[in-house]
Structures are given as C-alpha cells and as structure tokens.
Amino acid sequence: DFSKAMSQAGTSQFQEVIRQELEYSMKVELDKILATASSNELEHTKKDLEGFKKLFHRFLQEKGPSVDWGKIQRPPEDSIQPYEKIKARGLPDNIASVLNKLVVVKLNGGLGTSMGCKGPKSLIGVRNENTFLDLTVQQIEHLNKSYNTDVPLVLMNSFNTDDDTKKILQKYSHSRVKIYTFNQSRYPRINKETLLPIAKDVSYSGENTECWYPPGHGDIYASFYNSGLLDNLIAEGKEYIFVSNIDNLGATVDLYILNHLMNPPNGKRCEFVMEVTNKTRADVKGGTLTQYENKLRLVEIAQVPKAHVDEFKSVSKFKIFNTNNLWIALSAIKRLQEKNAIDMEIIVNPKTLDGGLNVIQLETAVGAAIKSFENSLGINVPRSRFLPVKTTSDLLLVMSNLYSLNAGSLTMSEKREFPTVPLVKLGSSFTKVQDYLRRFESIPDMLELDHLTVSGDVTFGKNVSLKGTVIIIANHGDRIDIPAGALLENKIVSGNLRILDH
C-alpha cells in the first residue's frame with residue numbers, strides 16, 4: 001500500500017509538473033500574440049486573453065465528467081413552478097413600471113452556416129421577408145407602444161456577426177426600441193496535440209479566421225460587465241435581463257413571469273429564473289435541472305459519465321429540459337462578476353478545421369451559472385415558448401400556416417386541432433436555405449400534418465396539402481415532383497414521379 005501511495009503521489013506530482021509546463025508555454029504564446037496588437041486593440045485583446053487563460057487553467061485542473069452521478073437528485077417540488085400557477089396570479093395595474101425595469105438580451109453570436117448561409121443567422125428571412133432580428137424588434141416595439149414603456153434590446157454579437165449586424169441596425173433607427181450591442185470575447189483555438197494556440201497574431205481575417213472562436217454564451221457575464229453596458233443599465237434603473245437565443249421564436253417577453261420576479265409572492269426575489277419545458281423524444285439531449293449539493297444545477301449531456309448517458313436521456317426520470325430562456329438580476333451579475341464567483345463547467349468542443357487540423361474550443365453555457373445565484377427558480381413553461389429554428393425542417397414549420405404572425409410573435413393557429421407540432425425531417429437536398437426555397441413553389445398546408453419525411457430530389461408545386469403521415473422518398477438518380485394542388489394524406493410516395501406540363 002505504501003509503494004502504491006508513493007507511486008500515486010509520484011504520478012500526481014508528475015502531472016502537476018506537466019500542467020505547469022503547459023500553462024507556462026501557453027502564457028509565452030499568448031504574450032507573443034498580444035505583442036502583435038495595435039494600440040487600439042490592446043485593451044480588449046488583453047481582457048480576452050486573460051479570460052481565456054483562466055479557462056485554460058481550469059481545463060488543465062479538471063479531469064473527467066464534472067458531476068458525481070451519485071449526488072444528483074430530483075429538484076425539490078417548489079423549486080420548479082408550473083407556469084399556470086404563475087399566470088394565475090394575474091397582472092398588477094402598474095405593469096408598465098415593472099416593464100421599465102426590464103432589458104431584453106438576445107444571443108446573436110451565431111452564423112447561418114449550418115443552413116448554408118453566410119453572415120449572422122439572425123439575418124435569415126423566416127416569415128414574410130422578416131428576419132429573426134426584424135421579428136425581435138417588432139415584438140419589443142409592440143410592447144413599448146402598448147404600455148408606453150422603454151424596454152431596450154441588447155444584442156450580444158461575436159466578432160463573426162458584429163459588422164454585418166451593425167450595418168443592418170441602421171434600418172431600425174426610427175423604431176421605438178433603443179438597441180445596444182456588445183461583443184463576446186474572442187478566444188484562440190487550441191491545437192489538440194500540442195495544447196497551444198494555433199493563432200500567431202491578433203488578426204482574425206483572411207487565413208486567420210479559423211484561429212479564433214467565440215467561447216459560447218456563458219461568456220455573457222464577463223463580456224456584458226466588461227463592456228460597461230451592465231453598469232449603464234443599472235444606473236438607468238433597469239433590474240432584470242431576459243436572455244434568449246435569437247433563433248428561438250417562442251422566446252417573447254412574458255409579463256406573468258416578469259411580474260413574478262418583480263413582485264414575488266413570498267417577498268424574496270429570485271436572482272435567476274430558468275424556463276424549462278417537458279421533454280419529448282426529440283429533446284433527449286437537452287440539459288436538465290437537477291438538485292446537486294443543495295443547489296439547483298443545470299446538467300448537460302457532455303458532463304454525464306458514459307455509463308449514465310441512457311439514464312440521462314430517459315424521458316421518465318428527467319422530464320424537463322432547459323429552453324435557454326433566462327431571467328437574471330443585473331445587480332447579481334455585477335456582484336458575482338466582481339467577486340469572480342460565477343462558476344460554469346467547461347465544455348470541451350472538438351473541431352476539425354478545413355485543412356484537417358484537429359483543434360479544441362473551451363466554452364461555457366449561460367445557464368450553467370444558475371448554481372452561483374441566490375434563490376434560483378425553474379418555471380415549467382408551455383412548449384410554445386421553445387420554438388428554435390436550427391434547420392430548414394424547423395424553418396418549414398414556422399413559415400407554414402401552422403403559425404400566425406402578430407406584432408413579431410408567432411402563435412400556433414387556432415385551426416390546428418392539437419397543440420403539438422408535426423415532426424418534420426427534410427433530407428440533405430433541403431439543408432441549405434436557398435435549395436430549400438427552390439424546392440417549394442409555396443409552403444404546403446400543414447394544419448393536419450403529424451409527420452413528414454422527405455428524402456432525395458423532391459420538389460413541391462403550389463398549394464399542396466399534407467395531412468397525417470407523409471413520407472416521400474426519391475431514390476438516387478430519380479426525381480419526384482409533387483404537382484400543384486395535390487393532397488397527400490397518410491401516403492408513402494417513392495421512386496420516380498414527374499408531372500410534365502403540356
């Protein structure tokens with residue numbers, strides 16, 4: 001036992017030496033990069049690299065999944081409230097004064113690359129020529145006009161989306177919404193083999209675009225604070241931010257939740273509220289809220305030990321998942337940021353660059369900080385508050401007659417008999433937005449659709465109706481044209497079908 005203990009001590013000592021060497025090498029490389037910054041880049045580059053250094057230090061310290069599965073418990077009953085209970089309290093007469101304490105923050109760092117688009121994802125057209133950003137501005141403008149309030153919009157951009165977004169913002173200069181932006185950090189990608197940055201200087205254009213990355217939305221706390229915007233908004237009397245992904249079209253300002261935050265029934269305010277919703281089979285990978293060491297904690301699939309992944313995905317044990325719609329007290333962000341007390345697990349995201357080089361990105365997720373805040377709460381909201389558009393399959397749903405658009409908000413059509421959304425799977429011929437748009441002369445009627453699968457070279461004519469379960473599969477080399485006005489109900493179409501116009 002003694003020799004075993006000695007060899008373990010030797011191993012950990014050896015690991016410690018290696019860790020220190022890696023950290024030293026990283027510091028040397030980062031100093032070299034910083035030395036290439038111009039005087040006007042110096043300050044923010046320095047802040048970025050300091051933040052990265054802290055993250056890298058933690059990455060070297062931590063090994064293996066970051067949760068002890070044995071400590072995970074179901075959250076106590078009252079720690080996740082049903083939305084109906086919060087809505088039942090109604091709204092006070094002075095809702096405008098409550099709204100004036102709110103800031104809407106949208107996470108706008110992502111590009112539209114997964115849908116074959118260049119530039120910020122928020123500038124993709126989703127409905128009647130309106131982009132994600134248009135709809136967001138319309139929603140807030142409608143609020144401000146209806147209640148005579150001044151709710152501002154804040155966009156957290158990344159270095160990938162900042163320039164294009166700022167150009168577009170000019171078109172809202174006459175709208176009744178104050179719009180602010182700040183940039184999330186820019187961190188260097190790390191070579192997987194050497195654990196050193198692949199960037200040699202600060203530039204991030206041309207061939208250096210692949211050397212840098214925005215480190216996930218968990219970066220919001222530090223970047224928001226560092227930008228000075230957090231202090232400015234507190235000085236203006238703002239108290240809460242409502243944070244959500246800009247591609248979640250269900251994430252509108254909810255007055256009942258806001259009222260619950262500002263006027264809590266027990267008199268004790270929450271610093272952090274996470275909207276969760278019930279899992280379906282499609283959401284098995286979503287992060288879930290658990291009780292862990294007497295605190296609410298978000299557990300993501302990446303943190304789960306391999307042996308327990310199936311259990312984590314089980315819809316019966318973990319019934320809810322995080323929508324990433326979050327309500328957070330500004331004063332709490334300031335307090336925790338100044339104490340350096342926001343604790344978020346590191347997500348190690350491996351990537352292969354175009355040239356074949358394997359790199360890793362160290363990231364954090366905004367919701368993971370829930371355990372650092374006081375008096376946190378989960379609210380189990382209706383599914384309609386989670387309507388993300390990640391693929392063209394999602395885009396088809398939100399463009400269809402399943403939804404109606406009013407003041408920038410999408411609501412499920414009253415003509416739909418049941419509240420669930422159809423399951424839509426479009427094949428690889430539809431992945432890019434421009435290909436997808438070319439394949440639909442008009443968006444089909446989907447009010448009575450349950451399930452749609454389309455694979456291969458398929459096009460849809462005008463005014464097609466889809467009902468029940470519809471599966472359309474064009475074999476390799478074949479093409480299927482669904483003719484204008486066709487009604488497909490519980491049908492499987494396969495092989496080759498071309499209607500020729502005579």
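Looking for something part of a strand (DSSP E or B), open to solvent by less than 10 Å² (accessible area, probe 1.4 Å) and among the aliphatic types (A, V, I, L, M) - is there at least one such residue anywhere in the range 380-396?
No; the residues of the range 380-396 include none that is part of a strand (DSSP E or B), open to solvent by less than 10 Å² (accessible area, probe 1.4 Å) and among the aliphatic types (A, V, I, L, M).
For the structure I just gave you, tell me whether Leu143 is of a type in the set (A, V, I, L, M), in contact with a Gly (Cβ under 6 Å, 6 or more places away or on another chain) and assigned to a helix (DSSP H, G or I).
no
Which numbered condition trips up Leu30, out of (1) more than 25 Å from the chain's Cα centre (by Cα); (2) at pLDDT below 90?
The single condition Leu30 does not satisfy is (2).
Looking at Val284, Val299 in this structure, which one is β-branched (Val, Ile, Thr) and buried (at least 18 other Cβ atoms within 10 Å of the Cβ)?
Val299
Which pairs turn up if I take residues in the range 88-101 that are at pLDDT 95 or above and open to solvent by 50 Å² or more (accessible area, probe 1.4 Å) and look for partners that are polar (S, T, N, Q) and not in a helix (DSSP H, G or I) with beta carbon separation below 7 Å, at least 6 apart in sequence or on another chain?
From the range 88-101, the pairs are Asn100/Thr149.
Please state which one of Gly51, Gly110, Gly116 is closer than 25 Å to Leu230 by Cα, assigned by the TED database to the domain that holds Val366, at pLDDT below 95 and not basic (Lys, Arg).
Among Gly51, Gly110, Gly116, only Gly110 is closer than 25 Å to Leu230 by Cα, assigned by the TED database to the domain that holds Val366, at pLDDT below 95 and not basic (Lys, Arg).
Might you check whether a residue that is touching a helix residue (DSSP H, G or I) at 6+ places or on another chain (Cβ under 9 Å), without any contact (Cβ under 8 Å) to a residue 60 or more places away in the chain and among the aromatic types (Phe, Trp, Tyr) occurs anywhere in the range 427-434?
So far as the range 427-434 goes, yes, one or more of its residues are touching a helix residue (DSSP H, G or I) at 6+ places or on another chain (Cβ under 9 Å), without any contact (Cβ under 8 Å) to a residue 60 or more places away in the chain and among the aromatic types (Phe, Trp, Tyr).
For the range 33-129, which fully contained helices (runs of 4 or more DSSP H) count at least 3 residues that are touching a strand residue (DSSP E or B) at 6+ places or on another chain (Cβ under 7 Å)?
39-61
Tell me which helices (runs of 4 or more DSSP H) are completely within the range 220-269 and hold 1 or more residues being among the aromatic types (Phe, Trp, Tyr) and either touching a residue at least 60 places away in the same chain (Cβ under 8 Å) or within 30 Å of Asn130 (Cβ to Cβ) (or both), or say none if there are none.
Of the helices (runs of 4 or more DSSP H) lying wholly inside the range 220-269, those with at least 1 residues that are among the aromatic types (Phe, Trp, Tyr) and either touching a residue at least 60 places away in the same chain (Cβ under 8 Å) or within 30 Å of Asn130 (Cβ to Cβ) (or both) span 220-226, 255-262.
Look through Ala332, Ala341 and report the one residue that is part of a loop (DSSP other than H, G, I, E, B) and either at pLDDT 90 or above or crowded, with 16+ Cβ neighbours inside 10 Å (or both).
Of Ala332, Ala341, the one residue that is part of a loop (DSSP other than H, G, I, E, B) and either at pLDDT 90 or above or crowded, with 16+ Cβ neighbours inside 10 Å (or both) is Ala341.
Here are some residues: Ile480, Ile472, Ile443. Which one is of a type in the set (Val, Ile, Thr), surrounded by 15 or more Cβ atoms within 10 Å (Cβ to Cβ) and in a loop (DSSP other than H, G, I, E, B)?
Matching residue, one of Ile480, Ile472, Ile443: Ile443.
Being in contact with a strand residue (DSSP E or B) (Cβ under 6 Å, 6 or more places away or on another chain) and of a type in the set (A, V, I, L, M, F, W, C) narrows it down to one residue among Val421, Val433, Val454; which is it?
So the residue among Val421, Val433, Val454 that is in contact with a strand residue (DSSP E or B) (Cβ under 6 Å, 6 or more places away or on another chain) and of a type in the set (A, V, I, L, M, F, W, C) is Val454.
If I filter the range 168-178 for residues that are assigned by the TED database to the domain that holds Asn259, in contact with a helix residue (DSSP H, G or I) (Cβ under 8 Å, 6 or more places away or on another chain) and part of a strand (DSSP E or B), do I get at least one hit?
no
Those residues that are open to solvent by 60 Å² or more (accessible area, probe 1.4 Å) and closer than 12 Å to Thr181 by Cα, I need them from the range 139-163; list them, please.
Asp163
The values are calculated or read from the model by the stated rules, or taken from the named source; none is laboratory data. Being a predicted model, the structure only gives us computed values, none of them experimental. Using ideal geometry, Cβ is built from the backbone for each residue, glycine included, and neighbour counts are taken over all protein chains shown. When the accessible area is computed, the model is the full protein with side chains, heavy atoms only, and any ligands, DNA or RNA have been set aside. Shrake-Rupley method; radii C 1.70, N 1.55, O 1.52, S 1.80 Å.
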